[in-house]
Amino acid sequence: MLFKFFILIMFIFNIASFSQTVLFDNTHDQNVGNSDWTISGGYSDFADLLEKNGYKIIKEKTYLWDNLSKIDILVIPEPNKPFNKSEIINILKFVKNGGNLFLIANHGGADRNGNSYDSVKVFNEFVYHFGITINSNHFSEIGLKILNSKINHKVKTIAAFAGSTINIIDSDLSTPIIYSENGIFGTESHYGKGKVITIGDSAIFDDGTGTDGKHLHNVFNSITYDHQQFALNIFTYLSNKDFIFFNKEIPFNELKENSITIDIFHGNNGADNTEQFMTDISELKNVYYSSTPLNDKILKKTDILIIHEPNIPFTQKEIYLLKKYKDVKIIFLASSSFNALNLDYTNELIKRISGKDLYFHKNQVLDSKMSVEGKPWTFISEEKIYKTIVFSACSVGGSEKHSALLKSSTNSYTDGEPALKGSSSLIIRSDDLRITLIGFSLFSNYNFSKSIFYSDNYKKVLHNTENYIKYLIKKIDGDV
């Protein structure tokens, strides 16, 4: 009995010693404009993940000029209101005495409350103490370069959407942990007895659950990226705890004959937002998410392969196999120049696989007359008896012979290159019927009536889009 009591006491002691208290600052306008970086909004899943893994999250509002001695880790997500002098002194004292700090910036110009302060300007008033400054720039990139460190253990893919880069001004205090093509994206710093992690994008931890009807995006729970593992790594590093493995569950992971396969391995822009499509289309075909490089086994069982704009290059072997399996029909998807990340590579890949000169244009198709809710980048397009919603689209074309499966109305126009007036091709198919190009995210969750992102007025026309998607898949598959 005494032995069991001893074991119980040791267990309680270990749990208590593991538990670290975390405060997410929510006193500096983290929820203004179309943002909600709070634990009751877009960062709720982030906070839940930490709680499930032994961290204590402070739920009540806590001001940073108060005593921070009861806090182990302070998180400051994208502040839009400057810190006063006493707050800055308190933050520096907190870290210097052994507290740990996680700073989450965003791109320059993200002044969400119109007070002339974005997170870059706010942070730069004190982060020089940690050997860094944050740049007032703006970039998006999938497949950031991840350096070998404890913070990046088991992390393969990280994405930044409208983030900023970081300058290291004192290499004795700060070192990089992640790079983008534009510069350093993440750093670890030491200040006194404490540690500081800084990254340049708030969207990484966004779970899409903004309050008050804010239209956020579920990047944190993405099946394409390793943001949850990255989050756990940051906190185990700051709290000097052992590595915690996050078991990322991929839905539709059973490969069957005659499947529609969506590639999610190559940093595919938009592919992670297709689960409702997979659910609906599974009524017609087997469906499969490919989270590994393409191989013989996958392609032998695939009828239609869907490749959203890839940002991690295909290997020579993968390209060889895609040429080899000529019976596999391939759908490429991209979006407007406003949202696209790597159209040049996508167009190059299409040509290497098919040998055909078909491509996505670097423009955006707009249609005010057919717009939904007055937004010209979101409009209705018609094909025979079917209607579909189109949003953030580029036009598609090529010098090779092809057929247009969907066009915008004669009232539409484009900005970017080429600038066009009148009807533009939105979906085209090669003359051998193997390659289809779709210039917008047709299979996105946003295009289904179960979407939580749009008003009831918008949802009234979504069932038409669902019907069109099923019609298009049948047509590509040769059933109509």
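FYI, it's all coordinate maths here, none of it is from the lab. This is a predicted model, so every value here is computed, not measured. All Cβ positions, even for glycine, are placed from backbone atoms using ideal geometry, and neighbour counts span all protein chains on display.
Taking the Cα centre of the chain as origin, work out the dipole magnitude from +1 charges on Lys and Arg Cβ and -1 charges on Asp and Glu Cβ, in debye rounded to 20. Can you show the working numbers first?
Working: 50 positive and 54 negative charges, 144 e Å.
Value, rounded to 20: 700 debye.
With the Cα gyration tensor of the stretch 15-238 giving a ≥ b ≥ c as the square roots of its eigenvalues, does the rule (a/c under 1.5 for rounded; else a/b larger than b/c for prolate; else oblate) give rounded, prolate or oblate?
rounded
Restricting to the stretch 259-477, what percent of DSSP beta bridges are antiparallel, rounded to 5? Please list the in-between numbers first.
Details: 25 of 43 bridges.
DSSP beta bridges in the stretch 259-477 are roughly 60 percent antiparallel.
Under the Kirkwood approximation for Rh and a Cα-based Rg, what ratio Rg/Rh is obtained for the stretch 217-267?
Rounded to two decimals, Rg/Rh equals 1.12.
For Lys375 and Asp431 in one chain, what is 0.36 nm times their gap in residues minus the Cα-Cα distance, to one decimal in nm?
Taking 0.36 nm per residue and subtracting the Cα distance, the gain is 16.8 nm.
Å³ per residue of the Cα convex hull, for the stretch 294-365? Before the final figure, lay out the partial values.
On the way: hull volume 6.2 nm³, N = 72.
Normalising the Cα hull of the stretch 294-365 by residue number yields 87 Å³.
How would the stretch 389-452 be classified by its alpha-carbon gyration tensor: rounded, prolate or oblate, with rounded meaning a/c under 1.5 and the a/b versus b/c comparison settling the rest?
Working: a/c = 2.31, a/b = 1.24, b/c = 1.86.
Because a/c hits 1.5 or more and a/b fails to exceed b/c, the stretch 389-452 counts as oblate.
Just order 261-273, 352-364 by mean Cβ neighbour count inside 10 Å, highest at the front, would you?
Top to bottom by mean Cβ count within 10 Å: 261-273, 352-364.
Work out how much length Ile319 to Asn221 would gain on full extension: take 0.36 nm times their residue separation and subtract the Cα-Cα distance, in nm to one decimal.
Length gained, Ile319 through Asn221: 32.3 nm.
What value, in deg cm²/dmol to 500, does the helix sum -39500 (n - 2.57) over DSSP H runs of n ≥ 4 give at 222 nm once divided by the residues of the chain?
Value at 222 nm, helices only: -6500 deg cm²/dmol.
Report, in degrees rounded to the nearest 10, the 0 to 90 angle that the Cα long axis of helix 85-96 makes with the longest principal axis of the chain.
80
Let's test the formula: R0 of 41 Å, r as the Cβ-Cβ distance of Glu125 and Lys384. What FRET efficiency results, to the nearest 0.05?
Efficiency for this residue pair is about 0.10.
Name the chymotrypsin sites (Phe, Trp or Tyr not before Pro) in the stretch 151-196 that are in a loop by DSSP and that have at most 12 other C-beta atoms within 10 Å, would you?
Passing both the DSSP loop test and the Cβ count: no residue.
Any idea what the relative contact order of the chain is, in percent, if you count C-alpha pairs under 8 Å spaced at least 6 apart?
Reported relative contact order: 10 percent.
Compute the helix-to-body angle for 343-354: its Cα long axis versus the longest principal axis of the chain, expressed 0 to 90° and rounded to tens.
For 343-354 against the chain, the angle is about 50 degrees.
Given 5 Å bins starting at zero, what is the percent of C-alpha pairs of the stretch 259-477 in each, up to the one with the largest pair distance?
Per 5 Å bin, starting at zero, the Cα-Cα P(r) for the stretch 259-477 comes out as 1, 7, 16, 21, 21, 17, 10, 5, 1, 0 percent.
Less than 12 Å Cβ to Cβ from Lys156, Lys/Arg counted +1 and Asp/Glu -1: what total charge do the surrounding residues give?
Around Lys156, the charge tally is +2.
For the Cα atoms of the chain, what angle does the longest principal axis make with the long axis of helix 227-238, in degrees from 0 to 90, nearest 10?
In the chain, helix 227-238 runs at an angle near 10 degrees to the longest axis.
Of the listed pairs Lys150/Lys195; Lys329/Lys474; Lys81/Lys375; Lys59/Lys121; Lys70/Lys241; Lys59/Lys85, which have alpha-carbon separations greater than 21 Å here?
Working: Lys150/Lys195 14 Å; Lys329/Lys474 12 Å; Lys81/Lys375 30 Å; Lys59/Lys121 27 Å; Lys70/Lys241 18 Å; Lys59/Lys85 25 Å.
Violating the 21 Å limit, Cα to Cα: Lys81/Lys375; Lys59/Lys121; Lys59/Lys85.
At 7 Å along the Cα-to-beta-carbon direction for both Asn34 and Thr279, put a label point, then send me their distance in nm to one decimal.
2.4
Pull out a ≥ b ≥ c, the square roots of the eigenvalues of the alpha-carbon gyration tensor of the stretch 217-333, then state rounded if a/c is under 1.5, prolate if not and a/b is larger than b/c, and oblate in the remaining case.
Cα axes put the stretch 217-333 in the prolate bin.
Output ³J(HN,Hα) for the stretch 58-73: one whole-Hz value per residue in order, computed from phi by the Karplus curve 6.51 cos²θ - 1.76 cosθ + 1.60 with θ = phi - 60°, and x for Gly and Pro.
6, 8, 7, 5, 10, 8, 7, 8, 6, 5, 9, 5, 8, 9, 9, 10
Post the alpha-carbon centroid distance, the stretch 155-219 to the stretch 100-148, in whole angstrom.
Computed from Cα coordinates, the inter-centre distance equals 8 Å.
Using the Kirkwood radius over Cα pairs, work out the Stokes-Einstein diffusion coefficient for the stretch 339-446 at 4 °C and 1.567 mPa s, in µm²/s as a whole number.
Working: Rh = 14.0 Å.
This corresponds to a translational diffusion coefficient of 92 µm²/s.
Take the stretch 77-130, compute every pairwise Cα distance, and split them into 5 Å bins from 0; I just need the percent in each bin.
4, 20, 29, 24, 14, 6, 2, 0
Taking amide hydrogens as modeled 1.01 Å from N in the peptide plane, which residues meet the under 5 Å criterion relative to Val75, leaving out close sequence neighbours?
So Val75 has HN proximity to Leu23, Phe24, Asp25, Phe102.
Give me the percent of DSSP beta bridges within the chain that run antiparallel, rounded to the nearest 5.
DSSP beta bridges in the chain are roughly 60 percent antiparallel.
Provide Rg and Dmax in Å for the chain, with only Cα atoms included in the calculation.
According to the Cα coordinates of the chain, Rg and Dmax are 24.4, 84 Å.
Work out how much length Ser86 to Asn137 would gain on full extension: take 0.36 nm times their residue separation and subtract the Cα-Cα distance, in nm to one decimal. Each step should come with its number before you reach the end.
Details: separation 51, 0.36 × 51 = 18.36 nm, distance 2.87 nm.
Full-extension gain reported as 15.5 nm.
Normalised by the residues of the stretch 259-477, what does the relative contact order come to in percent, with Cα pairs under 8 Å and at least six apart?
For the stretch 259-477, the relative contact order is 19 percent.
Of Pro251, Phe220, Phe24, which is farthest towards the positive pole of the chain's charge dipole, taken about the Cα centre with +1 and -1 on the beta-carbons of Lys, Arg and Asp, Glu respectively?
Result: Pro251.
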